[in-house]
Structure formats: C-alpha cells, structure tokens
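Input: a single structure, listed below in structure tokens.
Bear in mind that the values in this text are calculations on the coordinates, not laboratory data. Just so it is clear, the structure is predicted and the values come from calculations on it, not from any experiment. Cβ placement follows ideal geometry from the backbone for every residue including glycine, while neighbour counts extend to all protein chains displayed.
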Amino acid sequence: MPSIHDTAYPRLKTSITARDLTDIYTPTREEQALAATLTPSSTSQVGFLILLKTFQRLGYFVPVHAVPQPLWSILPPR
C-alpha cells in the first residue's frame, strides 16, 4: 500500500532522509541563478528556493512555516 506521501494528495514528509535532500530538494545551479536574478537579497533567495523545491515536489505551494526544518539545510553556504 502506498504511503500517504505517494498518493494523489502529496504532503511533505516529517522525516526527510539525506538522500531525499540530495536527490529531490537540492537546487540546481540554474535554479540558484534564477533565484539570484529574481530576488534582491539572500534571505529572499532562500525563501524562493524553498518554495520552488516544495512546489516541484508537491504541485502546490505550502506555507513557509509548514516546511520541515531539514529542508532549510539544502542551500549551499554563501
């Protein structure tokens, strides 16, 4: 039986593996460049990339406060 995360109503997992972070949620260089082009500050870039990656995974936007803490670690250090 598929998990609730794999159904027609996807949700973010509360427990995210290191592999998920690498394979699914790490932004590409192109996505990072897009964020740098569209947003004025590094704080805005973080928010943009978090929303972009979660939207790509789920197909809808989630409130930033609903994003699990491990996803905030996907961004490369500046």
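A few points about this structure:
- Length gained on full extension, Leu38 to Gln56: 4.7 nm, using 0.36 nm per residue less the C-alpha separation.
- Net dipole in debye of segment 4-63 [+1 Lys, Arg Cβ; -1 Asp, Glu Cβ; about Cα centre; nearest 20]: 120
- Shape class of segment 4-63 from the Cα gyration tensor (axes a ≥ b ≥ c, square roots of the eigenvalues): prolate, since a/c reaches 1.5 or more and a/b is larger than b/c.
- Likely footprinting exposure, Phe48, Phe55, fewest C-beta neighbours within 10 Å first: Phe55, Phe48
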